[in-house]
Amino acid sequence: MHVPDYHVHSRFSDGEDELRACVERAVELGLPELGFAEHLTPARFADEGCGPDQGRLDEYVAAVRAIAAAYPQLRVLAGIEADYLPEAADETLALLAAYPFDYVLCSVHFVDGFCFDEPDDLEADGWRDVDRVWRRYYETLIEATQTGAFDVVAHLDLPKMWGFRPSADMSGLEHDALAAIAAAGMAIEINTSALDRYPVAEMFPSASLLRRARAAGIAITFGCDAHRAAEVGSHFAQALELARAAGYESFLRLSDGESVALL
């Protein structure tokens, strides 16, 4: 398998396995690169987030550097998946500037303080207006792109994960979000996690959204959002098919920012 997996979680956040187990799985699969992307959630939302204690960020980066040195046959990166919340943006941006992360995934899991990806909150008030969740998702994402702090948008169109689809036409906001991502020089990931872990059972982003991203000149990366070592690189054959069907001929290599041909 020649494409890297840049969205892997270990026990440093909400993953079940140690770094080494994930690395060994990547070596077994023949991945060229593996990127850990532990969660970074602002402190005031830590009870609803799942990232490492902010005091362990140095430990996390050092541990990834150490495991990378132990496996020279695989390039291992210390990324981070940072939640963007407008009300806590200053805290997040300061943390991102303070640590030597190899790349930063931009995640929007919260809209106006409501964590819409929490399975225990499917009956919560936040879902009473599905269209509003979708609107605020895209508006928040657009704001995040304007900070200049992020490299890749993680799981674009995430609010569909539980099967909640908007009744209103979101194409205008989707267009604006893609335009903002392109203007910021950011990539988007093809995220395979929903194929077997969420009710929507399709990849992020949708095929139609990915085609529009290609038309906008937005680069892609790949991530399985693994929370167990066995999930590393999962469903990448289908992800490659989706990328090619959308017109992509290359992906972005995050270790050096180079464009690499899809084989």
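Report the residue count in region 117-140 for those that are among the small types (Gly, Ala, Ser) and part of a loop (DSSP other than H, G, I, E, B).
1
Would you mind stating whether Asp117 is under 24 Å from Ala21 (Cβ atoms), touching a residue at least 24 places away in the same chain (Cβ under 8 Å) and among the acidic types (Asp, Glu)?
no
Only one of Tyr99, Tyr60 is aromatic (Phe, Trp, Tyr) and in contact with a Pro (Cβ under 8 Å, 6 or more places away or on another chain); which? Talk me through it step by step, then tell me what you get.
Values: Tyr99 fails: in contact with a Pro (Cβ under 8 Å, 6 or more places away or on another chain).
Of the residues listed, the single one that is aromatic (Phe, Trp, Tyr) and in contact with a Pro (Cβ under 8 Å, 6 or more places away or on another chain) is Tyr60.
Residue pairs, Cβ under 6 Å, 6 or more apart or interchain, first in region 166-181 and in contact (Cβ under 8 Å) with a residue 24 or more places away in the chain and among the hydrophobic types (A, V, I, L, M, F, W, C), second surrounded by 19 or more Cβ atoms within 10 Å (Cβ to Cβ) and assigned to a loop (DSSP other than H, G, I, E, B). List them.
Going by the 6 Å Cβ cut-off, the qualifying pairs are Ile181/Ile218.
Out of (1) within 24 Å of Thr192 (Cβ to Cβ); (2) among the acidic types (Asp, Glu); (3) assigned to a helix (DSSP H, G or I); (4) at pLDDT below 95, the odd one out for Asp14 is which?
Among (1) within 24 Å of Thr192 (Cβ to Cβ); (2) among the acidic types (Asp, Glu); (3) assigned to a helix (DSSP H, G or I); (4) at pLDDT below 95, the lone unmet condition for Asp14 is (3).
Residue by residue through region 1-41, note down the ones that are of a type in the set (Gly, Ala, Ser), crowded, with 24+ Cβ neighbours inside 10 Å and within 22 Å of Leu85 (Cβ to Cβ).
The answer is Ala37, and nothing else.
Consider Ala180 carefully, then state whether it is modelled with pLDDT of 95 or more, assigned to a loop (DSSP other than H, G, I, E, B) and on the phi < 0 side of the Ramachandran plot.
No; evaluated as a whole, the condition is false for this residue.
Based on this model, can you work out whether Ala144 counts as of a type in the set (Gly, Ala, Ser), within 22 Å of Ala82 (Cβ to Cβ), in contact with a Phe, Trp or Tyr (Cβ under 9 Å, 6 or more places away or on another chain) and at pLDDT 95 or above?
Here the answer is yes, as Ala144 does meet what is asked.
If we keep just the residues of region 97-133 that are among the aliphatic types (A, V, I, L, M) and surrounded by 12 or more Cβ atoms within 10 Å (Cβ to Cβ), which is farthest from Asp14 (Cα to Cα)?
If we take residues in region 97-133 being among the aliphatic types (A, V, I, L, M) and surrounded by 12 or more Cβ atoms within 10 Å (Cβ to Cβ), then Val130 is farthest from Asp14 (Cα to Cα).
Tally up the residues in region 201-227 that are assigned to a loop (DSSP other than H, G, I, E, B), more than 16 Å from the chain's Cα centre (by Cα) and more than 22 Å from Glu258 (Cβ to Cβ), please.
The first filter runs over region 201-227 and keeps only residues assigned to a loop (DSSP other than H, G, I, E, B), leaving 201-203, 205-206, 216-219, 224-225, 227.
When the remaining residues are screened for being more than 16 Å from the chain's Cα centre (by Cα), the result is 201, 216-217.
Among the residues that remain, those that are also more than 22 Å from Glu258 (Cβ to Cβ) are: 201.
Summing the residues that are assigned to a loop (DSSP other than H, G, I, E, B), more than 16 Å from the chain's Cα centre (by Cα) and more than 22 Å from Glu258 (Cβ to Cβ) in region 201-227 gives 1.
Please pick out the residue among Ala194, Ala201 that is closer than 17 Å to Gly163 by Cβ, without any contact (Cβ under 8 Å) to a residue 24 or more places away in the chain and either out of contact with any Ser or Thr (no Cβ under 7 Å at 6 or more places or on another chain) or surrounded by fewer than 19 Cβ atoms within 10 Å (Cβ to Cβ) (or both). Working first, answer last.
Working: Ala194 fails: without any contact (Cβ under 8 Å) to a residue 24 or more places away in the chain.
The match here is Ala201.
Being surrounded by 14 or more Cβ atoms within 10 Å (Cβ to Cβ), in contact (Cβ under 8 Å) with a residue 40 or more places away in the chain and under 20 Å from the mean Cα position of the chain (by Cα) narrows it down to one of Leu74, Leu85, so name that one. Let's see the steps before the verdict.
On the way: Leu74 fails: under 20 Å from the mean Cα position of the chain (by Cα).
Only one candidate passes the filter, namely Leu85.
Let me spell it out: the conditions are (1) part of a helix (DSSP H, G or I); (2) more than 16 Å from the chain's Cα centre (by Cα); (3) not basic (Lys, Arg), and Leu96 meets all of them except one. Which number is the exception?
(2)
How many residues are among the acidic types (Asp, Glu), more than 16 Å from Gly185 (Cα to Cα) and surrounded by fewer than 20 Cβ atoms within 10 Å (Cβ to Cβ) when one looks only at region 134-157?
1
The values are calculated or read from the model by the stated rules, or taken from the named source; none is laboratory data. From a predicted model like this one, the values you see are computed outputs, not experimental measurements. Glycine gets a Cβ as well: all are built from the backbone with ideal geometry, and neighbour counts include every protein chain shown.
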